[in-house]
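Data block below; observations after.
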Amino acid sequence: MSDLPEIYREIDKTEKERGRWLFAQECVFVLGAPDYTALPDTSLPEIAFVGRSNVGKSSLINALTNRKTLARTSNTPGRTQHINFFSLASVLMLADLPGYGFAKASKGEIKRWTQLIFDYLRGRPSLRRVCLLIDARHGLKDADNQVMKDLDEAAVSYQIVLTKCDKVKDEHLIEVVKKTEKTLSKHVAAHPKIFQTSSSKGMGIELLRAELAMIADIR
Ligand code: GDP
């Protein structure tokens, strides 16, 4: 991992402590919604996680919440095509969106995914931010760019979280960050800060916890 950029120093100790406290609280599975009619009715601030299949989304949610099996990995049949909701300390809702970009996905499956995501984005006034997960090895792919366009259109604030940063050399990571920043500057709803994480090494997890607690305005 490269040296932490200046912007991270803005997150002070207290914010980190809040993040640590929040994510150490009880986190319970609320429900899995196969369509918009099943979305939980809640006024809790909400953070959603989205990314290509296999990007490391389940691993990141598990690392954030310090659990091994809270979010199921992409190999788990059944629940992965649903939006899975988790309530953290009854103060923050985490929404785990189904992965996209599966090479084998049929047109019907892609349509279903798009519909579900659009219905979700339209009907979620409590949604504070979407974390768009990007594999640090690959950077942004066509499918990610499309999702960014969709999020711009839905006027939902989102931010890039690079995953699996332990798998790349520093020079590569710097390059990916630069390229991604350039693309982000063209997207109206994108937050400029890019998080660099590794769930397996625990890198960047504390900073992301602090940021999410801040977004949710947890005090
Ligand atoms: P999902 O489909 O996005 O939920 O992805 P998973 O969390 O199931 O992860 C996909 C694969 O990537 C699994 O084999 C994980 O062990 C691996 N993986 C996830 N995060 C990391 C990470 O930070 N570092 C490394 N080296 N591997 C990871």
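The values are calculated or read from the model by the stated rules, or taken from the named source; none is laboratory data. Remember, predicted model here, so these are calculated numbers, not experimental data. All Cβ positions, even for glycine, are placed from backbone atoms using ideal geometry, and neighbour counts span all protein chains on display.
Key figures
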| item | result |
| --- | --- |
| Residue ID - farthest from LEU127 (Cα to Cα), chosen from residues in the stretch 53-67 that are within 7 Å of the ligand (Cβ to nearest atom) and surrounded by fewer than 22 Cβ atoms within 10 Å (Cβ to Cβ) | ASN54 |
| Selection within the stretch 37-70 - in contact with a strand residue (DSSP E or B) (Cβ under 8 Å, 6 or more places away or on another chain), over 19 Å from PHE118 (Cβ atoms) and β-branched (Val, Ile, Thr) | THR42, VAL55, ILE61, THR65 |
| Residues (part of a loop (DSSP other than H, G, I, E, B) and surrounded by 20 or more Cβ atoms within 10 Å (Cβ to Cβ)) located in the stretch 85-123 | LEU97, PRO98, GLY99 |
| Residues that are more than 10 Å from the ligand (Cβ to nearest atom) and either buried (at least 19 other Cβ atoms within 10 Å of the Cβ) or modelled with pLDDT of 75 or more (or both), drawn from the stretch 74-84 | GLN81, HIS82, ILE83, ASN84 |
| Residue within the stretch 128-139 that is in contact with a Phe, Trp or Tyr (Cβ under 9 Å, 6 or more places away or on another chain), surrounded by 14 or more Cβ atoms within 10 Å (Cβ to Cβ) and farther than 24 Å from LEU207 by Cα present | no |
| Looking only at the stretch 163-200, and only at residues there that are in contact with an Asp or Glu (Cβ under 8 Å, 6 or more places away or on another chain) and basic (Lys, Arg), the one that is nearest to LEU133 (Cα to Cα) | LYS164 |
| The stretch 179-199 - residue that is at pLDDT 95 or above and polar (S, T, N, Q) and, of those, farthest from the chain's Cα centre (by Cα) | THR183 |
| Boolean, ALA71 is crowded, with 20+ Cβ neighbours inside 10 Å, modelled with pLDDT under 90, not charged (D, E, K, R) and not in a strand (DSSP E or B) | yes |
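For (1) closer than 26 Å to ARG209 by Cα; (2) without any contact (Cβ under 8 Å) to a residue 24 or more places away in the chain, each residue gets a yes or a no:
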residue: GLY108; (1), (2): no, yes
residue: LYS111; (1), (2): no, yes
residue: LEU121; (1), (2): yes, no
residue: PRO125; (1), (2): yes, yes
residue: ARG128; (1), (2): yes, no
residue: LEU133; (1), (2): yes, no
residue: HIS138; (1), (2): yes, yes
residue: ASP142; (1), (2): no, yes
residue: ASN145; (1), (2): yes, no
